[in-house]
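Trainee: I'd like to ask some things about the structure below.
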Amino acid sequence: MSDNNNGKLIATAIGAAVAGAALGVATVKLLDRRNGQPDQNEGGIISERPKRRSFIYEDPMGADVMANRDSSTTLFPHNHEEKMRRRIAARAAVEEDNLTPRRSVTVRVPATSANVGPGYDCIGLAVDLWSEVTIELADKFEITAEGDGADAVPKDASNFLVLGVKAAYDTARKEMPVLKYHVVSRIPFARGLGSSSAAIVAGIIAGLVLAGHRLPCWGSEALLQIAAGIEGHPDNVAPAIYGGIQVGIHNGTRWVTERVPMPSGVQLVMFIPDFVGKTSDARNVLSDTISREDAAFNISRTAFLINALCMGNLDNLKWGVQDKMHQPQRGSKLYKYLFPMIEAAESAGACCAYLSGAGPTVMALTSGASGDIFAQREKERTDLAVARAMSRAAEQFGIKGKLVVTNAANEGARVVRVEPPFSSDVITYRDNI
């Protein structure tokens, strides 16, 4: 090898060494910056460099704003209740919220279908059948009713509607005035579609509006606490309040509920017998204890049901609604038609079928709906075939009733009219209420 080539190799080695050293220095500086270490400029003067900001939301309020709370802790995007709590704490109190009583209010509330098979006392869905309740200040107490069960509902203070209103005034710590009640009921009375829960929820909401009192929701779900406290469980009142499919529990301190998604295109087909079903009778046929095997069965089916709903796997719903805690007992002692009707509905194309609440209504879920069903080809849907199959099963047992096809309700109870209104020249609310 020539001297010229040797010189080139030596120069290349020296260049590589210098480049490596420079890269090492740059790496150390970069690490110092990421670790929050001060940097030095060419004159040896230390200069502070801003730390890299996290992509996680940080609390914008100072620690002195939140009494007895470390508000400098990191706030993650999913911490919705904590963000709401801090937002409320930072707001000035608006006392007028609790100082504006109303003269009259109308509340619209949906029917509900509880249990959905294995979810005894904890799962329920809102049904697109609605009742309206109007309550107003009056000179004398009076309850009037029209529609389904108008002659059967109590017309005295034992009515669940009155109990709900009283609970609202007790919560507001105000004396309950003399009121007049008018009910337009489109929820079948005592048929396992949550008519009593609808009355409770409507009464509480109406009472709160009339009293001029509002309740916190985030972190407390105060309205749910009152309603579930009267009803004893959340399976009906939770969907009546929030709509959709709700899964509710008591966490040892308060009632908590969460929404489960309803797959698109699902319809509800109900066979509603022409006789009432008493919840007390339906509970009396149940055993106080169940076997470990039956408990494991219901736990697995409940998990399977929730997963099928979340994943939109309609084929798995028929396994998810299976139950050994209440449906076999009620089917054998009260509703002989129950399991033959479930089998007939599923054989005709239903995704699943189950006893709605304490009965006697049988609920079937069908798929294939897209937009308005009356603008869609009947052969693309299964609701008519399922309804006919359920009707034939009822005839075999000499049971008369009616078939109703509707959808799940995405929203729960709401105020539709109020005097004086909430809307003003500054802001207009839905339906100009």
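Trainee: Only one of 330, 259, 283 is modelled with pLDDT of 95 or more, of a type in the set (D, E, K, R) and either in contact with an Asp or Glu (Cβ under 8 Å, 6 or more places away or on another chain) or assigned to a helix (DSSP H, G or I) (or both). Can you tell me which? I'd like the intermediate steps shown before the answer.
Mentor: Details: 259 fails: either in contact with an Asp or Glu (Cβ under 8 Å, 6 or more places away or on another chain) or assigned to a helix (DSSP H, G or I) (or both); 283 fails: modelled with pLDDT of 95 or more.
Criteria check complete, one pass: 330.
Trainee: Report whether or not residue 204 is within 30 Å of residue 260 (Cβ to Cβ), among the hydrophobic types (A, V, I, L, M, F, W, C) and free of Cβ contacts under 8 Å to residues at least 60 places away in the same chain. Reasoning before the result, please.
Mentor: Details: within 30 Å of residue 260 (Cβ to Cβ): yes; among the hydrophobic types (A, V, I, L, M, F, W, C): yes; free of Cβ contacts under 8 Å to residues at least 60 places away in the same chain: yes.
In short, yes.
Trainee: Continuing with this model, one more query. Just checking, which of 308, 303 is without any contact (Cβ under 8 Å) to a residue 40 or more places away in the chain, in contact with an Asp or Glu (Cβ under 9 Å, 6 or more places away or on another chain), more than 20 Å from residue 236 (Cβ to Cβ) and outside the structural domain of residue 190 (by TED's automatic domain parsing)? Step through it out loud before you land on a result.
Mentor: On the way: 303 fails: in contact with an Asp or Glu (Cβ under 9 Å, 6 or more places away or on another chain).
Result of the check over 308, 303: 308.
Trainee: Also, I was wondering about something else. Give the stretch 130-169 a look and list any residue that's among the aromatic types (Phe, Trp, Tyr) and either out of contact with any Lys or Arg (no Cβ under 8 Å at 6 or more places or on another chain) or not assigned by TED's automatic domain parsing to the domain that holds residue 191 (or both), or say none.
Mentor: 160, 169
Trainee: From the set of residues in the stretch 346-357 that are surrounded by 24 or more Cβ atoms within 10 Å (Cβ to Cβ) and in contact (Cβ under 8 Å) with a residue 40 or more places away in the chain, which is farthest from residue 383 (Cα to Cα)? Outline the logic, then answer.
Mentor: Just the residues of the stretch 346-357 that are surrounded by 24 or more Cβ atoms within 10 Å (Cβ to Cβ), to begin with: 350-357.
When the remaining residues are screened for being in contact (Cβ under 8 Å) with a residue 40 or more places away in the chain, the result is 350-352, 354-357.
Details: 350: 8, 351: 11, 352: 12, 354: 15, 355: 18, 356: 17, 357: 21 Å.
If we take residues in the stretch 346-357 being surrounded by 24 or more Cβ atoms within 10 Å (Cβ to Cβ) and in contact (Cβ under 8 Å) with a residue 40 or more places away in the chain, then 357 is farthest from residue 383 (Cα to Cα).
Trainee: Here's a follow-up. Please verify whether residue 315 is assigned to a loop (DSSP other than H, G, I, E, B) and in the same structural domain as residue 366 (by TED's automatic domain parsing), treating the condition exactly as stated.
Mentor: Working: assigned to a loop (DSSP other than H, G, I, E, B): no; in the same structural domain as residue 366 (by TED's automatic domain parsing): yes.
Answer is no for this residue.
Trainee: Another question about this same structure. I want to confirm something. Restricting to the stretch 135-186 and keeping residues that are assigned to a strand (DSSP E or B), within 28 Å of residue 274 (Cβ to Cβ) and in contact (Cβ under 8 Å) with a residue 40 or more places away in the chain, which single residue is farthest from the chain's Cα centre (by Cα)? Walk me through it before giving the result.
Mentor: So in the stretch 135-186, the residues assigned to a strand (DSSP E or B) come out as 135-137, 142-147, 179-185.
With within 28 Å of residue 274 (Cβ to Cβ) added as a condition, the list becomes 143-147, 181-185.
So of that shortlist, the ones also in contact (Cβ under 8 Å) with a residue 40 or more places away in the chain come out as 143, 145, 181-185.
Numbers: 143: 30, 145: 29, 181: 28, 182: 28, 183: 25, 184: 25, 185: 23 Å.
The qualifying residue farthest from the chain's Cα centre (by Cα) is 143.
Trainee: What are the residues in the stretch 212-234 that are of a type outside the set (D, E, K, R), in a loop (DSSP other than H, G, I, E, B) and either more than 17 Å from residue 114 (Cα to Cα) or not assigned by TED's automatic domain parsing to the domain that holds residue 165 (or both), if any? Spell out how you get there, then give the answer.
Mentor: Applying the first criterion (of a type outside the set (D, E, K, R)) to the stretch 212-234 yields 212-213, 215-220, 222-230, 232-234.
Narrowing the set further to residues that are in a loop (DSSP other than H, G, I, E, B) leaves 212-213, 215-220, 232-234.
Those that are of a type outside the set (D, E, K, R), in a loop (DSSP other than H, G, I, E, B) and either more than 17 Å from residue 114 (Cα to Cα) or not assigned by TED's automatic domain parsing to the domain that holds residue 165 (or both): 212, 213, 215, 216, 217, 218, 219, 220.
Trainee: Kindly indicate the residue of the stretch 360-382 that is in contact with a helix residue (DSSP H, G or I) (Cβ under 7 Å, 6 or more places away or on another chain) and modelled with pLDDT of 95 or more and also surrounded by the most Cβ atoms within 10 Å (Cβ to Cβ) among those meeting that condition.
Mentor: Checked the stretch 360-382; the qualifying residue surrounded by the most Cβ atoms within 10 Å (Cβ to Cβ) is 364.
Trainee: Being outside any helix (DSSP H, G or I) and either within 15 Å of residue 271 (Cβ to Cβ) or of a type outside the set (Phe, Trp, Tyr) (or both), is that true of even one residue in the stretch 292-305?
Mentor: So far as the stretch 292-305 goes, no, none of its residues is outside any helix (DSSP H, G or I) and either within 15 Å of residue 271 (Cβ to Cβ) or of a type outside the set (Phe, Trp, Tyr) (or both).
The values are calculated or read from the model by the stated rules, or taken from the named source; none is laboratory data. Everything numeric in this text was worked out from a predicted model, so none of it was measured. Positions of Cβ are generated from backbone atoms using ideal geometry, with glycine treated the same way; all protein chains shown enter the neighbour counts.
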